[in-house]
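Student: Sharing a structure, written as structure tokens. Questions coming.
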Amino acid sequence: MPHTTLNQTLTTIGINHQTAPVDVREQVAFPPDRLIQALKSLRESGLAQGSAILSTCNRSELYLTHRHQDITPLQTWLHDFFQLSHHTLTPYTYTYMGRDAVLHMNRVAAGLNSLVLGEPQILGQMKDAYAFSREANTLNGLLDRLFQHVFNTAKLVRTETAIGSNPVSVAFAAVTLARQIFGDLKIQNVLLIGAGQTIELAARHLKEQGVKQITIANRTLANASLLAQEVNGYAINLADIPHHLHEADIVISSTASTLPILGKGAVESALKKRRNKPMLLVDIAVPRDIEAEVAKLDNVYLYTVDDLVGIVEENRKNRAQAAQEAEDIVQLKTDHFMQQWRLMSDAAPLIRDYRHYAEQQRDEALTHALRELHAGHDSEAVLRKLAHQLTNKLTHTPCLAIREAGNHGGDNLLQQARTLLLPEKSSA
């Protein structure tokens, strides 16, 4: 049975590059505007007490806390939100509950579940998911604590293992693919579409390779210009791509657009101007930036993020030892969180019951004192008696337990009692 705290269950529902091809993943992508909409929808549905959503080119995952054990309504919500049938999505989804959900989040944040083993971008994306959840006011206490735990685990993995040393990013894999196809990149012109972190990494790798010319196209020209200055390239608007596409030997695209940036017609026109000189197009985006039909054109080599697996797998083999060390840390930290979770589960009802007991003793003593005051007894004497009786009631049971522990050598209990009952003296 999944572990629960105060009738809360932790659940992760998602798809990723290991379970679903890009044409499925792009149907379940959450661009920023839809992500906030989805979080608010989950909150208003009453299905989840806390919710967060991670959406990247390689995965879409829901992190949820909820009261009910049946997760079917949550799965149905996901299908309905994207207007997809169960048949379309269910074969590609996975669900984790309790410890498995905590372990999965830890593995994701540490880069152990990434296409590129140990890639550092995923932790930033997890922090973005946390920030979006805070903005939408869908974090609850348990989910907030879990995110803080996950961030600490990822930081520990980075500092204690070599998994983050020179990782092969998806951007690097794209540049490696270009080098494998063209050989010397110093005579090639490259068009980069987008100006986010992936394109920024690709631009830097290309500059290191001494690429002849780098053109950066972006919806916001100012962002493209900043990156272009850094890599000695030049910037254009997305609308200007058709005028420059024929100049590009290599195109690498990674935007957050929900619609294709490059269509078959635009690439056909560019090929005519190039007199059918070959072009390499690498589409890292999910949803895809380049129409799939482009692959049918002669002299065009179109690759998606899923096609970079071979390059990435070589990196994975070289990093096996670091990955095992990271896995050990993740397992240990997951156990620590589960232990804390169980303590929270035990502590909360104990606190509730003890407060109820104390309030009950207070009410009984207060009722007796008020009765004496109404009978005309001296008020100072009544207050002194009230304080004396209440102190006796609240200390009677703990004193009996301490005396019993002293008689039977309960050193541990005595020390815990000192910490609980005399906090100032125990810390002195």
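The values are calculated or read from the model by the stated rules, or taken from the named source; none is laboratory data. Treat the numbers as computed from the prediction; the structure is a model and nothing was measured. Neighbour counts are summed over all protein chains in view; Cβ atoms, including those assigned to glycine, are modelled from backbone coordinates with ideal geometry.
Student: I'd like to verify a number: residues in segment 347-368 that are free of Cβ contacts under 8 Å to residues at least 24 places away in the same chain and under 21 Å from Leu422 (Cβ atoms), how many?
Tutor: Number satisfying all stated conditions: 6.
Student: Restricting attention to segment 369-406, report how many residues are among the charged types (D, E, K, R) and closer than 29 Å to Leu421 by Cβ.
Tutor: Count: 6.
Student: Within segment 90-136, can you find the residues that are polar (S, T, N, Q) and within 17 Å of Gln197 (Cα to Cα)?
Tutor: Ser114, Gln121, Gln125 - these are the residues of segment 90-136 that are polar (S, T, N, Q) and within 17 Å of Gln197 (Cα to Cα).
Student: Please go through (1) in a helix (DSSP H, G or I); (2) of a type outside the set (A, V, I, L, M); (3) buried (at least 24 other Cβ atoms within 10 Å of the Cβ) for Gly118 and return the number of the only condition it doesn't satisfy.
Tutor: For Gly118, the exception is condition (1).
Student: For the subset of segment 18-42 comprising residues that are more than 16 Å from Gln83 (Cβ to Cβ) and among the β-branched types (Val, Ile, Thr), which member is nearest to the chain's Cα centre (by Cα)?
Tutor: Ile36
Student: Tell me which residues, restricted to segment 18-38, are of a type in the set (Asp, Glu) and closer than 26 Å to Glu313 by Cα.
Tutor: Asp23, Glu26
Student: Report whether or not Val190 is buried (at least 23 other Cβ atoms within 10 Å of the Cβ), within 29 Å of the chain's Cα centre (by Cα) and in contact (Cβ under 8 Å) with a residue 12 or more places away in the chain.
Tutor: So Val190 fails the test.
Student: Please identify the pairs in which a residue from segment 15-28 that is assigned by TED's automatic domain parsing to the domain that holds Glu61 has its Cβ atom under 6 Å from the Cβ atom of a residue that is surrounded by fewer than 20 Cβ atoms within 10 Å (Cβ to Cβ) and part of a helix (DSSP H, G or I), counting only partners at least 6 apart or on another chain.
Tutor: As it stands, the answer is Ile15/Tyr92; Thr19/Tyr92; Ala20/Tyr92; Val22/Asp306; Val24/Tyr92, since those pairs meet every condition given.
Student: Still on this model: Return only the number of the condition from (1) touching a strand residue (DSSP E or B) at 6+ places or on another chain (Cβ under 7 Å); (2) modelled with pLDDT under 80; (3) not hydroxyl-bearing (Ser, Thr, Tyr) that Trp341 does not satisfy.
Tutor: (2)
Student: Please determine, by comparing only the residues of segment 260-290 that are touching a residue at least 24 places away in the same chain (Cβ under 8 Å), surrounded by fewer than 18 Cβ atoms within 10 Å (Cβ to Cβ) and in a loop (DSSP other than H, G, I, E, B), which one is nearest to the chain's Cα centre (by Cα).
Tutor: Gly263
Student: Now for a separate question. When you look at Arg107, is it basic (Lys, Arg) and either farther than 22 Å from Arg145 by Cβ or at pLDDT below 95 (or both), yes or no?
Tutor: Numbers: basic (Lys, Arg): yes; either farther than 22 Å from Arg145 by Cβ or at pLDDT below 95 (or both): no.
Taking the combined requirement at face value, the residue does not satisfy it.
Student: Moving on to the next point. When both residues are 6+ apart or on different chains and their Cβ atoms are under 9 Å apart, which pairs have a first residue that lies in segment 87-108 and is surrounded by fewer than 18 Cβ atoms within 10 Å (Cβ to Cβ), and a second that is part of a helix (DSSP H, G or I) and of a type in the set (Lys, Arg)?
Tutor: Note: pairs meeting the criteria are Tyr92/Arg25.
Student: Now, a different point. Under 6 Å between Cβ atoms, at least 6 apart or on separate chains: pull out the pairs that start in segment 132-152 with a residue that is of a type in the set (Val, Ile, Thr) and end on any residue that is assigned to a helix (DSSP H, G or I) and crowded, with 16+ Cβ neighbours inside 10 Å.
Tutor: Taking only residues 6 or more apart or on different chains, the pairs are Thr138/Leu39; Thr138/Arg43; Val150/Met105; Val150/Asn106; Val150/Ala109.
Student: Going by the conditions given, is Ala129 in contact with a strand residue (DSSP E or B) (Cβ under 9 Å, 6 or more places away or on another chain), of a type in the set (Gly, Ala, Ser), modelled with pLDDT under 95 and surrounded by 16 or more Cβ atoms within 10 Å (Cβ to Cβ)? Reasoning before the result, please.
Tutor: Values: in contact with a strand residue (DSSP E or B) (Cβ under 9 Å, 6 or more places away or on another chain): yes; of a type in the set (Gly, Ala, Ser): yes; modelled with pLDDT under 95: no; surrounded by 16 or more Cβ atoms within 10 Å (Cβ to Cβ): yes.
No: the conditions fail for Ala129.
Student: Now a separate question. Run Leu74 past the list (1) of a type outside the set (Phe, Trp, Tyr); (2) surrounded by 15 or more Cβ atoms within 10 Å (Cβ to Cβ); (3) over 17 Å from the mean Cα position of the chain (by Cα); (4) within 28 Å of Ile284 (Cα to Cα) and report the number of the one that doesn't hold.
Tutor: For Leu74, the failing item is (4).
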